[in-house]
1. Using the number of other C-beta atoms within 10 angstrom as an exposure proxy, rank 310, 71, 226, 124 with the fewest first.
2. When the Kirkwood radius is taken over all Cα pairs of the chain, what Stokes-Einstein diffusion coefficient follows at 4 °C and 1.567 mPa s, in µm²/s?
3. For the chain, what relative contact order do you get, as a whole percent, if you take Cα pairs closer than 8 Å and at least 6 residues apart?
4. What do you get for GluC sites (Glu not before Pro) in segment 321-359 restricted to DSSP loop and a cutoff of at most 15 other Cβ within 10 Å of the site's Cβ?
5. Read phi for every residue in segment 387-401 and hand back ³J(HN,Hα) as whole Hz from Karplus 6.51 cos²θ - 1.76 cosθ + 1.60, θ = phi - 60°, with x for Gly and Pro.
6. With the cut-off at 1.5 for a/c, could you classify segment 231-294 from its C-alpha gyration tensor as rounded, prolate or oblate?
7. Taking 0.36 nm per residue of sequence separation and subtracting the Cα-Cα distance, how much length would be gained by fully extending the chain between residue 254 and residue 86, in nm to one decimal?
8. Loop-only chymotrypsin sites (Phe, Trp or Tyr not before Pro) in segment 356-416, please: DSSP not H, G, I, E or B, and at most 14 other Cβ atoms within 10 Å.
Amino acid sequence: MAGPSVHENCSAVACLEKLLTAVTLPAMATTYQPPDYFLLADLLSEEEKLIRSSVRSFVDEKVLPIIAKCFREERFPAELIPEIASLGLLGANLEGYGCAGLGNVAYGLILEELERGDSGLRSFVSVQGSLAMYAIHRFGTDEQKDRWLPRMARGEAIGCFGLTEPDFGSNPAGLQTRARKEGSSYVLNGNKMWITNGSVADLAVVWAKEDDRIQGFVVEKGAPGFSTTLQKGKWSLRASVTSELHFQDCRISLQNKLLEATGLKAALSCLNQARAGISWGALGAAMACYSEALEYSKARIQFGKPIASFQLVQAKLVEMLSEITKGQLLAYRLACLKDEGKERAEQVSLAKRNNVAMALEVARSARDILAANGITDEYCVGRHMANLESVKTYEGTHDIHTLIMGSDITGIPAFS
Ligand code: TGC
Ligand code: FAD
């Protein structure tokens, strides 16, 4: 299998350099003090710290000033894509093809910072890098990789990942989308639903059954018989594009099959990548909520004192910080296991399940501390709380991850 060209390696290095030097550019001083009770920063390399600060500055300067308005208008801030790409954040832990080739701790820190801004932004980057690019990187032919990955890393081609269908969410094995070979084409029929980036994507990685075997295909925007419908009216992940994909006698070339992506296992192995990233992303949302609640509690006076002086408020803050700290250690260790190639899918389930449920509880507690102010979009806690309801559902619901772990520890699958 041919590796990436010299040119592509050079652009990966350029991405990384941009990421590392971004912090030296004139930047708005961040006032954000993330909780780090167990000195996790001591475990980070200088490179990881620099990457984190550059993404932190990007979020402070470019995301936070606009995100509440985007959420209100149910609009994904697509204008940020070029900068996200030029910082090397797309497919950042993939090797070659213009990708930054970062380790999983650095990649996790990127997702943590992005989700501190908004889960929708992290979703965009997760779907592009950990689902669509990863699927092509792992299962694609050399031609498919050369055609798509450099453009996807540069943000010039946007990808989506179509597994879920209207009648098959938690149980993708039953999916109904069909692919049949006809002459020099595959003909696809079926519908996908809840697909992040769907309506803005230049290519969709689509999972369909050929002779009852699940296979991966790349369907390009404009393919005859392929259309999308934007799903509107969400009260969660409003700053993210969610769409239905429709395939009606959709004709694609035989070359668009992901030859190595055979069986549900292939699709699920992509999910492992995104789920691991979510375990970091959710921390970012939780840390933003905790920080906002802590500041608020010190400034808000009731009964003549800051509410932070009341024991019940302190108990909430302590609970939030304790759970965040445990979640940080979990995500860090998972990333190290991934770097060593030792992680198991069930460990990924534990981290995704724990950290998302934790973040949702933290967001709810923070909203409670902000009380009435917590339901307005002047503060971030309500937006994060609403977003995390989706994050708890996608990439395997909380309960599906419970069953995955239950099956692992007892040896008895309880899915059906
Ligand atoms: P089961 O028989 O258990 O497994 C079928 C084959 O797959 C293997 N396998 C895995 N391989 C890699 N990674 C994993 N996590 C794997 N889990 C299972 C398994 O060993 C088997 O291999 P083989 O060789 O025997 O064929 O399959 P099942 O049909 O019983 O289903 C198991 C279950 C329920 C856990 C699975 O279907 C599941 O995970 N369901 C949840 C579906 C889900 O997570 N969908 C996510 C859609 S994408 C998305 O939500 C993107 S949101 C993105 C964003 O905006 O950020
Ligand atoms: P269902 O599977 O119908 O589940 C309903 C309830 O039943 C849940 O509580 C579930 O835990 C429970 N349940 C189901 N089976 C069992 C069981 N065996 N035992 C016990 N309880 C069970 N999908 C994609 O393919 N690509 C995407 O990009 C994508 N993006 C998304 C973005 C958003 C904003 C959202 C909300 C979803 C997205 N999804 C995407 C879909 C997501 O993966 C599914 O929603 C998820 O897998 C759950 O499927 P479902 O909603 O059909 O719920």
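1. With the sparsest Cβ surroundings first, the list reads 310, 226, 71, 124.
2. D = 59 µm²/s.
3. It comes to 16 percent, rounded to a whole number.
4. Here the GluC sites (Glu not before Pro) that fit, given the DSSP loop and packing criteria, are 340.
5. Once θ is set to phi - 60°, the couplings for segment 387-401 become 4, 5, 4, 5, 5, 5, 8, 7, 6, x, 5, 3, 6, 5, 5 Hz.
6. oblate
7. Going from the current span to full extension adds 57.2 nm.
8. Sites meeting the loop and neighbour criteria: 415.
Laboratory data are not the source of any read-out in this text; all were calculated from the coordinates shown. None of these values were measured; they are calculated from a predicted model. For neighbour counting, all protein chains shown are included, and Cβ atoms are generated from backbone atoms with ideal geometry for every residue, glycine included.
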